[in-house]
Amino acid sequence: MKRTTFKICFYIQKSRVAKDGQVPILLRVTINGLRAVVSVNLKVHPDNWNAVAGRSIANTRMDNELNARLDTIRFRLMQLYREMELDGESISAQRVIDKYLGRNDKPAIMLLDVFREHNDRCHKLAGNGMSPATVERYETSYKHTASFIEDTYNKKDIPIADVDHKFITDYEFWLRTERKCNHNSATKYLKNFKKIIRIALANDYISKDPFINIRFKLEQVERDFLEDHEIKAMIEKPITIPRLAQVRDVFVFSIFTGLAFSDLKGLKPEHLVRDNNGDMWIRKARQKTRNMCNIPLLDPAREILERYKDHPECTTKGVLLPMLCNQKYNSYLKELAVICGINKEISTHTGRHSFATSVALANGVSIENVAKMLGHSDTKMTRHYARVLDKSIKRDMMLVNGKFASQYSAENKRQANA
């Protein structure tokens, strides 16, 4: 059972001296290292105050009455603390003081209630300033928070005022151990949770930010991408299973367009535009950022669209590609990788990385143009996708080799003729 430390301390506020020379007495309650302070509406002359004993040392009737009042307050606080402990209430320094002052008429504001209200607002903003994927992440974060509270506190919910620094660190530990989240996943869930705490601070539900001195830093992750021979293997592999053939086509389409899963799912005929030269382009605002993507439609992608133009799902929903849910799509991609002999962790985002690296950058497309096609607002985001391939190194070094080879050959001829 977790040990609880409970301390009561009276001290004087020397900076506020009244005309009669007296200073106010303050009460400080400390529970598990967290403090709450309140005035007890009593005064004393600073020369008569013993800071160690927390009482007056003067032997006058007024000072004796003062000490008796302080003893009564101390006894009442200890009594209230004991009652809360026996009743199984959530105990904090502020709640003990609130109970002593009779502030408990107002029901406590519960953490998951605030979280639920936030998520309900997010659902109403889905597709109108907030992406559905973001809404879904907050829902997952809510479920994780509820599970953590039940596992750790054996309760369905706790007052939001009870969320302290220890709650945050324990929550992170729980995410890493019980939910088996890696560093970046746990950090993202904590960032989601921090927004709920900001709401609580803004509405005065809590007075102190439990995230103080907690800093978030995502680790750089090198995502897999497919190289030319792997893309070729996936395109040419005979696949007789319809569901895998369909997933393969959608994945290859993402390799030659750089579109993310949510953008593939929402791709419609109106997103295809023909320019003045008769060439087809995909012009679509990204689902995640609303930044516009401008992507020339390469032949492999165009052939896939032609293949599915009369597909029942496409004609019914008015989309260009038949799409599964993200979970099934990722599951089938792993199966597809095994069939094609590709020993890499493939996911929905691998196609986007493969487009940026193997299709575009490795073939001399500038990073500025890649950023425009990916829908990035600047090239800093695009550099996350950039990789240096062996063939790129070889191509560049062959130019260097040609330069020095010609100079070396000319020098040899000059020496031979000397």
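I want to confirm something. Restricting to the stretch 37-63 and keeping residues that are of a type in the set (S, T, N, Q) and either farther than 27 Å from G102 by Cβ or touching a Gly at 6+ places or on another chain (Cβ under 6 Å) (or both), which single residue is surrounded by the fewest Cβ atoms within 10 Å (Cβ to Cβ)? Top of the filtered list is N59.
Table: residues versus (1) open to solvent by 70 Å² or more (accessible area, probe 1.4 Å); (2) in contact with a helix residue (DSSP H, G or I) (Cβ under 9 Å, 6 or more places away or on another chain); (3) under 23 Å from E150 (Cα atoms); (4) part of a loop (DSSP other than H, G, I, E, B).
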{"site": "Y81", "(1), (2), (3), (4)": "no, yes, no, no"}
{"site": "E89", "(1), (2), (3), (4)": "no, yes, yes, yes"}
{"site": "V96", "(1), (2), (3), (4)": "no, yes, no, no"}
{"site": "L112", "(1), (2), (3), (4)": "no, yes, yes, no"}
{"site": "E117", "(1), (2), (3), (4)": "yes, yes, yes, no"}
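Taking into account only those residues within the stretch 64-74 that are of a type outside the set (G, A, S) and open to solvent by 20 Å² or more (accessible area, probe 1.4 Å), which is nearest to A161 (Cα to Cα)? Of everything passing the filter in the stretch 64-74, R74 is nearest to A161 (Cα to Cα).
Residue by residue through the stretch 204-218, note down the ones that are over 12 Å from I168 (Cβ atoms) and open to solvent by less than 80 Å² (accessible area, probe 1.4 Å). Selection gives Y205, I206, L218. Of all residues in the stretch 1-33, those being open to solvent by 70 Å² or more (accessible area, probe 1.4 Å) and not in a loop (DSSP other than H, G, I, E, B) number 1. For the stretch 251-274, the criterion of being out of contact with any Ser or Thr (no Cβ under 7 Å at 6 or more places or on another chain), more than 23 Å from G318 (Cβ to Cβ) and assigned to a helix (DSSP H, G or I) is satisfied by no residue at all. Annotation: G278 fulfils all but one of (1) part of a loop (DSSP other than H, G, I, E, B); (2) in contact (Cβ under 8 Å) with a residue 40 or more places away in the chain; the unmet one is (2). When the stretch 309-344 is limited to residues that are over 31 Å from the mean Cα position of the chain (by Cα) and over 29 Å from L272 (Cβ atoms), the one that is most open to solvent (accessible area, probe 1.4 Å) turns out to be V338. Condition (residue is part of a loop (DSSP other than H, G, I, E, B), in contact with a strand residue (DSSP E or B) (Cβ under 9 Å, 6 or more places away or on another chain) and at pLDDT 90 or above) applied to the stretch 230-249: is it met by at least one residue? For the stretch 230-249, residues part of a loop (DSSP other than H, G, I, E, B), in contact with a strand residue (DSSP E or B) (Cβ under 9 Å, 6 or more places away or on another chain) and at pLDDT 90 or above: absent.
Would you confirm whether or not the stretch 151-162 contains a residue that is under 25 Å from R95 (Cβ atoms), out of contact with any helix residue (DSSP H, G or I) (no Cβ under 9 Å at 6 or more places or on another chain), of a type in the set (D, E) and modelled with pLDDT under 90? Checked against the condition, which is being under 25 Å from R95 (Cβ atoms), out of contact with any helix residue (DSSP H, G or I) (no Cβ under 9 Å at 6 or more places or on another chain), of a type in the set (D, E) and modelled with pLDDT under 90, the stretch 151-162 yields no hits at all.
Among the residues of the stretch 304-327, those identified as in a helix (DSSP H, G or I) and modelled with pLDDT of 90 or more are I304, L305, E306, R307, P312, E313, C314, T315, T316, K317. Considering only residues in the stretch 119-145 that are under 15 Å from the mean Cα position of the chain (by Cα) and open to solvent by 70 Å² or more (accessible area, probe 1.4 Å), the one that is modelled with the highest pLDDT turns out to be K143. D170 fulfils the conditions (1) touching a residue at least 12 places away in the same chain (Cβ under 8 Å); (2) touching a Lys or Arg at 6+ places or on another chain (Cβ under 8 Å); (3) over 26 Å from A133 (Cβ atoms) except for a single criterion, (2).
Scanning the stretch 283-321 for residues that are hydroxyl-bearing (S, T, Y) and either touching a helix residue (DSSP H, G or I) at 6+ places or on another chain (Cβ under 9 Å) or farther than 26 Å from T134 by Cα (or both) yields Y308, T315, T316. Looking across the stretch 166-202, the residues that are among the acidic types (D, E) and surrounded by 14 or more Cβ atoms within 10 Å (Cβ to Cβ) come down to D170, E172. Among the residues of the stretch 146-165, those identified as within 20 Å of R116 (Cβ to Cβ), of a type outside the set (G, A, S) and open to solvent by less than 80 Å² (accessible area, probe 1.4 Å) are F148, I149, T152, Y153, K155, D157, I158, P159, I160, D162, V163.
The values are calculated or read from the model by the stated rules, or taken from the named source; none is laboratory data. No experiment lies behind these values; they were computed from the predicted model shown. Reconstructed Cβ throughout: ideal geometry from the backbone, glycine too, with neighbour counts over all protein chains shown. These area figures cover heavy atoms from the full protein model, side chains too; ligands, DNA and RNA do not enter into them. Shrake-Rupley method; radii C 1.70, N 1.55, O 1.52, S 1.80 Å.
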